[in-house]
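Enquirer: Provided herewith is a single structure, encoded as structure tokens, for subsequent inquiry.
The values are calculated or read from the model by the stated rules, or taken from the named source; none is laboratory data. A quick note: this is a predicted structure, and the numbers were derived from the prediction, not measured. Positions of Cβ are generated from backbone atoms using ideal geometry, with glycine treated the same way; all protein chains shown enter the neighbour counts. What goes into the accessible areas is simple: the full protein's heavy atoms, side chains included, and nothing from ligands, DNA or RNA. Shrake-Rupley method; radii C 1.70, N 1.55, O 1.52, S 1.80 Å.
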Amino acid sequence: MAEKRSCPKCEAELPANAPEGLCPRCLMKSARQDTKSAYNAGSEAASDVPTSATPPGKFVPPKPEELAGQFPHLEIIELLGQGGMGAVYKARQKQLDRLVAIKILPPEVEQQAAFAERFTREARSLARLNHPHIVTVFDFGHTAEGLYYFMMEFVEGTDLRHVIQSAKLLPKEALAIIPQICEALQFAHDEGIVHRDIKPENILLDKRGRVKIADFGLAKLLDSSATVHTLTQAGQRMGTPHYMAPEQIEHPDQVDHRADIFSLGVVFYEMLTNELPLGRFSPPSQKVEVDVRLDEVVLRTLEKEPDRRYQHASEVGVDVKTICSDKQAGTKFSPRPKADDDVESVRHRVWIPAVGLLVAGLINCLSVIGAIWGALVPRDAGLLLAIWMAVQTFVIILGAWNLMQLRSYRWAVAGSIFGIISIAFPFGLAMGIWALVLLTKKEVKAAFGQEETEVVIPPRIREFTVSTVKEARMAYGRGKVEVQKIIRETSPDSKESQESDVVAPSKSLGTGIASFILGLVSILILSQSTSFPGKFIGFPFIFIAGVLGVTAIRNIKDYRKHLVETGFAAAGILFAFISAIRLLMK
Amino acid sequence: MSGKSAKNFSMSGAGRFATTHWSVVLQAGQPKAPGYQQALETLCESYWFPLYSYLRRHGYDNQQSEDYTQAFFCRILDKQVLRMADSKRGKFRSFLLGTLKHFLSDEYDRARAQKRGGGRKILSIDFKNAENQYALEPAHGLSPEKLFDKSWALTVLDRTMAHLKAELVSQNKQELFDHLKIYLTAEKDSIPYRDKAAELNITEGNVRTAVHRLRRRYRKLLRDEIAQTVAAEDQVDEEIDDLFNALAY
């Protein structure tokens, strides 16, 4: 038998004395590669033998190629990072063509008592956490080879630890980030889920500057009596205890959601002062230039007794926002935490006058058009008056909208004032006065500034995040940040380069309003002069109004959410259309 | 944190290694101490082939090599050959080769070895296939030392595979072993599980699990085998690397 066979894998010649006919090199190699993690994963149940060849707690994650076989529906791209809580990989769902993150837990977890049931229970409750500021869990399970995993949304960005260290956060930036974290925490707490491991490494910031909290509930899942879990252990699982609430250390079985609030406070303090609140620490206002009222907030979150802390994460957020939006130092900040119901009740109270103002604005608008059309207005004064009316309309409607959404206080006031002087007498007058009265009330004023969740992060942080993505890797529950080169997608996906909804509203609003005004003006011009010069002047207005209107409409993705902009833009297009017809008919 | 220290994972490798053959020998330190004879005998009976190969490559014919092998083993079983240095870090493999070289350069010992046995019972070694096995090695140029290491690596693999097979046979799983052993060296996913599932009449999932278990068991057995010949846990990986390199010769 002189045939020479070669090993299919390494292509070396298979010797005749090959053990069981297998390539000796490959055999030896397969015991060499991954011997550590294979050993961890493959340890027999025999308890008289220590189960790891490596120090306990040290987990060596498999390479992407090795993981790929266990997830046939995924393309495992790269290892993003690891820590005591496991390892995270970037992957792509082949069918959906979407990026996800796969987090695998250390193989030792299999040995914990009743782990499988706890895992399923925990994973199910995590999967219910569907919130823009929480990293969503898509799927979870257990591979054939015994690895427990979570499939989560992939967040391309950086983490707060990195931001704190490198970006040297400004206080106002910190104040913009905190309320988002509070929202997320409140949401989770309402679902009965406590994070237990809030720390800057677990707070991610995506490229759009949005906060995303990761690793909810994992601390509880991995923490069990079967795990060696002492503070002195060198293993990475413990991480830093500085963010842990006192009760987490002293009586861990009595921990509830208020532990998260404590951790939040530590993070908050660190964001403001770049230091940890250890021992006898100074309040933030004594270390950096921040509003004194923040001291109260921070100190209250860091109370040792859970009962003395804020009882709800949302309260912290509201208080922070109140301090930010309320620039008048004289206004006494009430230490009693505001519940979200207060904002809700204000919303109900302003609703009617807001709608009324809107109607007044519309009446204004219609009367303007009617006046022009029916030439009720003397010709010479016509143009100027019409423009003035258009501005009025614009202010009233914008003000009404801001009032209803509790967005900009100033616009609400302006809108109310213009409502009073509007043509829609006495309706506008009544609504305007009502609105103004409400607006002078303190609680109403405070309720303003509840901004949409996406728009808050200051541009500088967003830019930092984007530039950091080029250099840094993502941290998902890691013990320390590893900064390595990231392979950025060379051609930005069309959906990534397109403006997000964050930018669209303001742009579309401006464009829509401009379209509206220009359309109105074009109508006016054409109604004034039928001769050639008029047409000549009027034409560009029609054209630009139309273009702007169409542009605005195209930029708006969700019409229902951006009714005002849509309305203005549509009106602008309509006016342009009408003018165009008049132009052609004459 | 919770105050419960639970399973004591701090039990170091020393606990396990106290029972491996080579550690026993090292700990005993000399032929009269308990455990020395038995452990060393077992080791010698397992790893005689590399010695034989070395001797043959060195220039002795097959009969001489047999004799010297036996004589050498008698010597190390009877006489104090362990040195301080060995007990600290040595691996059995390096010990054996080093001591053999000494043995060969010592005229007196070699002369004595002419007499078979030398008054001691010889180890039960089946030299029958030794020459055939040796002949399989290509004639060109591996030095005796390299050949020693390479044979050692092959011996380790042979023993491991034999153990693995024996285990599965005793579990009535020989067919499984024969069909699935290929996965021990195959590239992941290069051989679809579907075909094997059909051949073995089990589900693909079963194949996957069986392969996984087989791989795990193989690795463990290999590491155990190597552990028998080293002094401490951290030397196992080093030894695997050395043997892997030796196979490339």
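Enquirer: Do we find a residue being under 21 Å from A:Leu276 (Cα atoms), modelled with pLDDT under 85 and either in contact with a helix residue (DSSP H, G or I) (Cβ under 7 Å, 6 or more places away or on another chain) or assigned to a strand (DSSP E or B) (or both) anywhere in segment A:223-235?
Expert: yes
Enquirer: Could I ask something else about it? Within segment A:236-255, track down each residue that is at pLDDT below 80, more than 10 Å from chain B (Cβ to nearest Cβ) and open to solvent by less than 40 Å² (accessible area, probe 1.4 Å).
Expert: Selection gives A:Gly239 alone.
Enquirer: Out of the residues in segment A:38-75 meeting the condition of being outside any loop (DSSP other than H, G, I, E, B) and more than 10 Å from every other protein chain (Cβ to nearest Cβ), tell me which one is modelled with the lowest pLDDT.
Expert: For segment A:38-75, the residue satisfying everything is A:Asn40.
Enquirer: Another one. Only one of (1) open to solvent by 20 Å² or more (accessible area, probe 1.4 Å); (2) under 30 Å from B:Asp61 (Cα atoms); (3) touching a helix residue (DSSP H, G or I) at 6+ places or on another chain (Cβ under 7 Å); (4) modelled with pLDDT under 90 fails for B:Lys150. Which number is that?
Expert: (4)
Enquirer: Restricting the search to segment A:156-166, which residues are assigned to a helix (DSSP H, G or I) and open to solvent by 10 Å² or more (accessible area, probe 1.4 Å)?
Expert: Result: A:Arg161, A:His162, A:Gln165, A:Ser166.
Enquirer: Another question about this same structure. Can you name every residue in segment B:176-209 that is open to solvent by 20 Å² or more (accessible area, probe 1.4 Å), closer than 24 Å to A:Ala12 by Cα and of a type outside the set (A, V, I, L, M, F, W, C)?
Expert: Selection gives B:Asp178, B:His179, B:Lys181, B:Glu187, B:Lys188, B:Asp189, B:Ser190, B:Pro192.
Enquirer: Please find, among A:Ala435, A:Ala414, A:Ala446, the residue that is in contact with a Pro (Cβ under 7 Å, 6 or more places away or on another chain), within 23 Å of A:Lys321 (Cβ to Cβ) and either buried (at least 17 other Cβ atoms within 10 Å of the Cβ) or modelled with pLDDT of 75 or more (or both). If you could, list the steps in order and put the result at the bottom.
Expert: Details: A:Ala414 fails: in contact with a Pro (Cβ under 7 Å, 6 or more places away or on another chain); A:Ala446 fails: in contact with a Pro (Cβ under 7 Å, 6 or more places away or on another chain).
It is A:Ala435.
Enquirer: I'd like to check something: does segment A:132-155 contain any residue that is in a helix (DSSP H, G or I) and open to solvent by 10 Å² or more (accessible area, probe 1.4 Å)?
Expert: no
Enquirer: Restricting attention to segment A:389-415, report how many residues are closer than 17 Å to A:Lys442 by Cα, among the hydroxyl-bearing types (Ser, Thr, Tyr) and part of a helix (DSSP H, G or I).
Expert: 1
Enquirer: Among the residues of segment A:416-443, which ones are assigned to a loop (DSSP other than H, G, I, E, B) and either touching a residue at least 24 places away in the same chain (Cβ under 8 Å) or not hydrophobic (A, V, I, L, M, F, W, C) (or both)? Even if it seems obvious, please write down each step before you answer.
Expert: Residues of segment A:416-443 that are assigned to a loop (DSSP other than H, G, I, E, B), as a first pass: A:421-426, A:441.
Those that are assigned to a loop (DSSP other than H, G, I, E, B) and either touching a residue at least 24 places away in the same chain (Cβ under 8 Å) or not hydrophobic (A, V, I, L, M, F, W, C) (or both): A:Ile421, A:Ser422, A:Ile423, A:Ala424, A:Pro426, A:Lys441.
Enquirer: Turning to a different aspect of this structure: How about segment A:262-281: which of its residues are open to solvent by 30 Å² or more (accessible area, probe 1.4 Å) and either within 23 Å of A:Val163 (Cβ to Cβ) or of a type in the set (Phe, Trp, Tyr) (or both)?
Expert: Selection gives A:Asn274, A:Glu275, A:Leu276, A:Leu278, A:Phe281.
Enquirer: Any chance segment B:164-174 includes a residue that's of a type in the set (Ser, Thr, Tyr), buried (at least 18 other Cβ atoms within 10 Å of the Cβ) and more than 30 Å from B:Asn62 (Cβ to Cβ)?
Expert: Step one: list which residues in segment B:164-174 are of a type in the set (Ser, Thr, Tyr), which gives B:170.
If we keep only those that are buried (at least 18 other Cβ atoms within 10 Å of the Cβ) as well, we get none.
So far as segment B:164-174 goes, no, none of its residues is of a type in the set (Ser, Thr, Tyr), buried (at least 18 other Cβ atoms within 10 Å of the Cβ) and more than 30 Å from B:Asn62 (Cβ to Cβ).
Enquirer: Against the condition facing another protein chain (nearest Cβ under 7 Å) and either at pLDDT below 50 or in contact with a His (Cβ under 8 Å, 6 or more places away or on another chain) (or both), how does A:Thr35 come out, does it pass?
Expert: Yes: the conditions hold for A:Thr35.
Enquirer: Go through (1) modelled with pLDDT under 85; (2) buried (at least 18 other Cβ atoms within 10 Å of the Cβ) and name the single condition A:Val211 misses.
Expert: That leaves (1) as the condition not met.
Enquirer: Can you give me the number of residues within segment B:189-209 that are touching a residue at least 12 places away in the same chain (Cβ under 8 Å) and within 11 Å of chain A (Cβ to nearest Cβ)?
Expert: 3
Enquirer: May I pose another question? Among the residues of segment A:88-96, are any β-branched (Val, Ile, Thr) and at pLDDT below 75?
Expert: Among the residues of segment A:88-96, not one is β-branched (Val, Ile, Thr) and at pLDDT below 75, which makes the answer no.
Enquirer: What is the residue count in segment A:285-294 for residues that are within 26 Å of the chain's Cα centre (by Cα) and either surrounded by fewer than 18 Cβ atoms within 10 Å (Cβ to Cβ) or under 15 Å from A:Leu264 (Cα atoms) (or both)?
Expert: 1
Enquirer: A follow-up question, please. Can you work out which of the residues in segment B:210-219 that are within 7 Å of chain A (Cβ to nearest Cβ) and open to solvent by 40 Å² or more (accessible area, probe 1.4 Å) is farthest from the chain's Cα centre (by Cα)?
Expert: Looking at residues that are within 7 Å of chain A (Cβ to nearest Cβ) and open to solvent by 40 Å² or more (accessible area, probe 1.4 Å), I get B:Arg216.
Enquirer: For segment A:256-280, which positions are over 21 Å from A:Pro179 (Cβ atoms) and at pLDDT 85 or above?
Expert: Of everything in segment A:256-280, those that are over 21 Å from A:Pro179 (Cβ atoms) and at pLDDT 85 or above turn out to be A:Asp256, A:Glu275, A:Leu276, A:Leu278, A:Arg280.
Enquirer: Are any residues in segment B:9-31 open to solvent by 50 Å² or more (accessible area, probe 1.4 Å) and modelled with pLDDT of 85 or more, and if so, which ones?
Expert: B:His21
Enquirer: Further, regarding this structure: Can you tell me which condition B:Gln133 does not meet? The list is (1) buried (at least 17 other Cβ atoms within 10 Å of the Cβ); (2) at pLDDT 90 or above, and all the others hold.
Expert: (2) is the only condition that B:Gln133 fails.
Enquirer: Show the residue pairs that are 6+ apart or on different chains and have beta-carbon atoms under 6 Å apart, the first residue being within segment B:227-241 and more than 10 Å from every other protein chain (Cβ to nearest Cβ), the second being open to solvent by 30 Å² or more (accessible area, probe 1.4 Å) and not in a loop (DSSP other than H, G, I, E, B).
Expert: Short answer, once both residue conditions are applied: B:Gln228/B:His21.
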